[in-house]
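Encoded as structure tokens, the structure appears first; notes follow it.
What follows is calculated from the coordinates using simple rules that are stated; it is not laboratory data. Worth saying up front: this structure is predicted, and the values here are computed from it rather than measured. In this analysis, Cβ positions are derived from the backbone assuming ideal geometry, glycine residues included, and neighbour counts consider all displayed protein chains.
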Amino acid sequence: VCWFVTHAKTFMHRQVAVLSDDDLYRLWRVFNFLAERDEGGGVEFPVVIDAEEVELLLQKFHSSCGTKFNTSEFEMIRKEISSFNVAQVVNLVEEHHCKGADAEAMSNAIQEMYDELLVEVIKKGYLNKKGTSKMTAWKERWFVLTPRFIYYYTSRDEMDRKGSI
């Protein structure tokens, strides 16, 4: 499903617009990654994901935000809806699960889900790296471990990549 069509039809007229467009895009990508597939591996239409997958996403979201996930509230919703479309997931996140979390924490939580599921990031963190000059100098770098490479950056924002291994 095309992002531009989905964004224009589904997300432009939300009642509660808590998430930024970048966060919406990442959440949409995660949703499409988890979408139900047919026997040939293609996406089934309408594009939906199971309630169990939504529950796991919400648990991960709350864990990353540092807030508590209300299982009983979700169970009530789950009894009514067995599979969710992207609009329902975004509505659920914005109206019910963004309470008590600041915008940066929500954005980081969605970024973590995106990185783990789509980019296949295994671990992120600071490490000390020996410099390449003749003088022995250790530099603190932000490392991102993936199945194929280890990338290192000057800072946590991952804008200035210094190299990969």
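Pick out which of SER63, SER82, SER72 has the largest mean-square fluctuation in a Gaussian network model of the chain, springs linking Cα atoms closer than 10 Å.
SER72
List the longest stretch of the chain that has no exposed loop site; here a site is one of the trypsin sites (Lys or Arg not before Pro) assigned by DSSP to anything other than H, G, I, E or B, with at most 16 other Cβ within 10 Å.
15-67
Which aspartates and glutamates have a Cα lying under 19 Å from the Cα of LYS123, excluding residues fewer than 8 positions away in the same chain?
Straight-distance partners of LYS123: GLU112, ASP115, GLU140, ASP157, GLU158, ASP160.
Need the C-alpha centroid separation for the range 9-79 versus the range 105-126, integer Å.
Measuring centre to centre over Cα atoms gives 16 Å.
Counting just the Cα atoms, what span does the range 123-164 cover along each of its three principal axes? Round to the nearest Å and put the largest first.
Cα extents, longest axis first: 31, 20, 14 Å.
Among ASN128, ASN85, ASN108, which one moves the most in a GNM of the chain with springs linking Cα atoms closer than 10 Å?
Ranking ASN128, ASN85, ASN108 by mean-square fluctuation puts ASN128 first.
Taking Cα atoms, how many degrees apart are the long axis of helix 86-96 and the longest axis of the chain, rounded to 10 and kept between 0 and 90?
Tilt of helix 86-96: around 80 degrees.
How much space per residue, in cubic angstrom, does the convex hull of the C-alpha atoms of the chain take up?
So the per-residue hull volume is 139 Å³.
Quick one: angle between helix 71-80 and the longest Cα principal axis of the chain, in degrees between 0 and 90, rounded to 10, please.
So the helix axis and the longest Cα principal axis differ by about 50 degrees.
For the range 3-119, with the dipole built from +1 on Lys and Arg beta-carbon atoms and -1 on Asp and Glu ones, taken about the Cα centre, which of PHE84, PRO46, THR6 lies farthest toward the positive end?
It is THR6.
Output the 0 to 90 degree angle, nearest 10, between the alpha-carbon long axis of helix 103-114 and the longest principal axis computed from the alpha carbons of the chain.
In the chain, helix 103-114 runs at an angle near 90 degrees to the longest axis.
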